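Undergrad: I'd like to ask some things about the structure below.
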Amino acid sequence: MAGELKEDPSALFDQVPSLSALPRQVEPLPGGLTNRNYKVTVPGGTFVARVFAAGGELLAINRDHEYRNTAAAAAAGAGAPVIDYRPDAGLLVIGYLEGRTLADADVAAPGTLPRIAATCRRLHEAAPFVNDFDIFTVQRSYLNVVQTGGFRFPAGYHRFLPRFEELRQALAARPATPVPCHNDLLAGNLIDDGTRIWLIDYEYSGNNDPCFELGNIASECHLPPDALDTLVTEYYGRPRRAKVARARLLGLAAAYGWTLWGAIQAATSPIDADFWSWAVEHCEAAAAGFTGPDFRRLLEEAQGDD
């Protein structure tokens, strides 16, 4: 799903040394659900200019954290280098990564999951990020925003709050050591340069359970269960039944939490995109997981030993 704010960024780019040289070619990039992204080519190189949209605070986005974590991911060899950051202008400039943006079918294709796992390990083994990310905390924040603002959200959402809490408690019984995670690995945030998979867009990055990263990939990229098994096995180097269960549950928790992200965006975003359908889709996925035949088994397996 792609959206775009239709404003001319030329005056802003004129003020930034890395983007101001002429001749300058500016090409809007697809995606960008909380910002506008532009590919900017000047004699000095090719860059991506991320122009932030208003309202990020409602979505628990901290742009200073995004900037610092993006720089840390670049140092770890998982993301593009940071070229410039202008918080007053709402602009982050990063290097342009030559490569192909993946789609869901690409993520599930043979040979891709091991490469994604390798990049996730590269990021997760780096120095800690400057902040933490917890989907249970984020969900509570989003729910408060939705209720305070009087925004609509999918019918039946509250029905699953008890199971969401049950899931949280089950995972808390065996807490994981947090590592620097991207936390928003849609297929569109994965770039394949033919050799390595790169991760872009660190708006929701923070230290987190690595199984959230894996489960969220599976959830957002609509991977079948056997593909998540492969991803977890590649990440850990051997089959890990408890980790697969943990990843599946955190993917379910992600779908439930991100439902409210869609509801907030549908009510507030200036970007032309169908956020409401996005929210409904995630709510339906969460409902299927909470009521499915595997839910109780996964709660038990996630607390076991591999």
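Undergrad: Does A288 satisfy the condition of being surrounded by 20 or more Cβ atoms within 10 Å (Cβ to Cβ) and assigned to a helix (DSSP H, G or I)?
TA: Criteria not met by A288.
Undergrad: Any chance the stretch 94-105 includes a residue that's of a type in the set (G, A, S), within 29 Å of Y38 (Cβ to Cβ), at pLDDT 95 or above and out of contact with any Phe, Trp or Tyr (no Cβ under 9 Å at 6 or more places or on another chain)?
TA: Yes, because at least one residue in the stretch 94-105 is of a type in the set (G, A, S), within 29 Å of Y38 (Cβ to Cβ), at pLDDT 95 or above and out of contact with any Phe, Trp or Tyr (no Cβ under 9 Å at 6 or more places or on another chain).
Undergrad: Looking at (1) β-branched (V, I, T); (2) in contact (Cβ under 8 Å) with a residue 40 or more places away in the chain; (3) crowded, with 16+ Cβ neighbours inside 10 Å; (4) touching a strand residue (DSSP E or B) at 6+ places or on another chain (Cβ under 7 Å), which one does T46 not meet, given that it meets all the others?
TA: For T46, the exception is condition (3).
Undergrad: I'm checking my understanding of the structure. Among residues of the stretch 84-101 that are crowded, with 21+ Cβ neighbours inside 10 Å and in contact with a Leu (Cβ under 9 Å, 6 or more places away or on another chain), which one is farthest from R238 (Cα to Cα)?
TA: L91
Undergrad: Oh, and also: Using the structure shown, decide if P87 is free of Cβ contacts under 8 Å to residues at least 40 places away in the same chain, in the same structural domain as L199 (by TED's automatic domain parsing) and over 17 Å from the mean Cα position of the chain (by Cα). Spell out the reasoning first.
TA: On the way: free of Cβ contacts under 8 Å to residues at least 40 places away in the same chain: yes; in the same structural domain as L199 (by TED's automatic domain parsing): no; over 17 Å from the mean Cα position of the chain (by Cα): yes.
Against the criterion (free of Cβ contacts under 8 Å to residues at least 40 places away in the same chain, in the same structural domain as L199 (by TED's automatic domain parsing) and over 17 Å from the mean Cα position of the chain (by Cα)), P87 does not qualify.
Undergrad: Since A72 meets every condition but one in (1) in contact with a strand residue (DSSP E or B) (Cβ under 9 Å, 6 or more places away or on another chain); (2) surrounded by fewer than 20 Cβ atoms within 10 Å (Cβ to Cβ); (3) touching a residue at least 60 places away in the same chain (Cβ under 8 Å), which condition does it not meet?
TA: Evaluating A72 over (1) in contact with a strand residue (DSSP E or B) (Cβ under 9 Å, 6 or more places away or on another chain); (2) surrounded by fewer than 20 Cβ atoms within 10 Å (Cβ to Cβ); (3) touching a residue at least 60 places away in the same chain (Cβ under 8 Å) leaves (2) as the failure.
Undergrad: Could you list, in sequence order, the residues of the stretch 212-229 that are surrounded by 18 or more Cβ atoms within 10 Å (Cβ to Cβ) and either under 14 Å from the mean Cα position of the chain (by Cα) or not in a helix (DSSP H, G or I) (or both)?
TA: F212, E213, L214, G215, N216, I217, A218, S219, E220, C221, L223, listed by residue number.
Undergrad: Could you tell me how many of the residues in the stretch 255-285 are outside any helix (DSSP H, G or I) and among the acidic types (D, E)?
TA: Looking only at that region, the number is 2.
Undergrad: Looking at the stretch 9-56, what strands (runs of 3 or more DSSP E) fall wholly within it and have at least 1 residues that are more than 15 Å from Y96 (Cβ to Cβ)?
TA: Hits in the stretch 9-56: 35-42, 45-52.
Undergrad: Given the condition assigned to a helix (DSSP H, G or I), outside the structural domain of P17 (by TED's automatic domain parsing) and modelled with pLDDT under 95, answer yes or no: does some residue in the stretch 115-127 qualify?
TA: Taking the stretch 115-127 and keeping what is assigned to a helix (DSSP H, G or I), we get 115-124.
Still in the list and also outside the structural domain of P17 (by TED's automatic domain parsing): 115-124.
Still in the running and modelled with pLDDT under 95: none.
No, there is no match, as no residue in the stretch 115-127 is assigned to a helix (DSSP H, G or I), outside the structural domain of P17 (by TED's automatic domain parsing) and modelled with pLDDT under 95.
Undergrad: In the stretch 237-270, what residues are crowded, with 19+ Cβ neighbours inside 10 Å, aliphatic (A, V, I, L, M) and over 20 Å from R140 (Cα atoms)?
TA: Answer for the stretch 237-270, where residues must be crowded, with 19+ Cβ neighbours inside 10 Å, aliphatic (A, V, I, L, M) and over 20 Å from R140 (Cα atoms): V244, A245, A247.
The values are calculated or read from the model by the stated rules, or taken from the named source; none is laboratory data. A quick note: this is a predicted structure, and the numbers were derived from the prediction, not measured. Quick reminder, even Gly has a Cβ in these numbers, built from the backbone with ideal geometry, and neighbours come from all protein chains shown.
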